[in-house]
Amino acid sequence: TVNRNTVRGVNSPGQIWRIGDLKAKVNVNGHIRVDGQGLLLAGGNNIGTNANQSVRARLFCGTDVHESNLVPLEANGDFKIDDILTPVPPTDTPVPPNPCTTPLLLILTAGGNWFPAGIPDLD
């Protein structure tokens, strides 16, 4: 029996990853800034690489879900997201609700699996 580490319906990646630092800020108008450093594989044959991944931010506010566009990881695993969040169906609100109830921010792979998670600084 496999017990996956699923967060709000999003599966974790198949391999272990590590991140050195992550800072995120979300404004009430949906503008998001994320600065991630050192997101690299921490296991497997490609340990220490970025595995040619691209990532996006996904913000959960209760049942409302909004996300950024994809950005590629640099060779050292660093990335920056400076974007406007867009709704993920079935969410139909153009910007995250204010206040954002039970906020959660996930950084996702292009395939939709989550890497790090955190409680964002909502402003």
Note, ³J(HN,Hα) from phi for segment 17-28, Karplus 6.51, -1.76, 1.60, rounded to Hz, x at Gly and Pro: 10, 10, 9, x, 7, 8, 10, 9, 9, 10, 8, 5
What distance in nm separates the two pseudo spin-label positions at Arg33 and Thr63, each 7 Å out from Cα along the beta-carbon direction? 3.4
In nm, give the distance between the simple-model label positions of Thr101 and Ser54, each being 7 Å from the Cα along the Cα-to-Cβ direction. 3.5
Just need the relative contact order of the chain here, percent rounded to a whole number, with Cα pairs under 8 Å and 6+ apart. 28
Taking a probe of 1.4 Å, how large is the accessible area per residue of the chain, in Å²? 55
Carbon plus sulfur fraction of accessible area for the chain, probe 1.4 Å, in percent: 50
Hull shadow area, averaged, the chain [alpha-carbon convex hull, nm²]: 7.6
How far is it, in nm, from the label point at Ala75 to the one at Asn5 when both lie 7 Å from their Cα along the line to the Cβ? 2.9
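The values are calculated or read from the model by the stated rules, or taken from the named source; none is laboratory data. Quick caveat, the model's predicted, so the values are computed rather than measured. For neighbour counting, all protein chains shown are included, and Cβ atoms are generated from backbone atoms with ideal geometry for every residue, glycine included. Note: accessible area is taken over every heavy atom of the protein model, side chains too, but ligands, DNA and RNA are not part of it. Shrake-Rupley method; radii C 1.70, N 1.55, O 1.52, S 1.80 Å.
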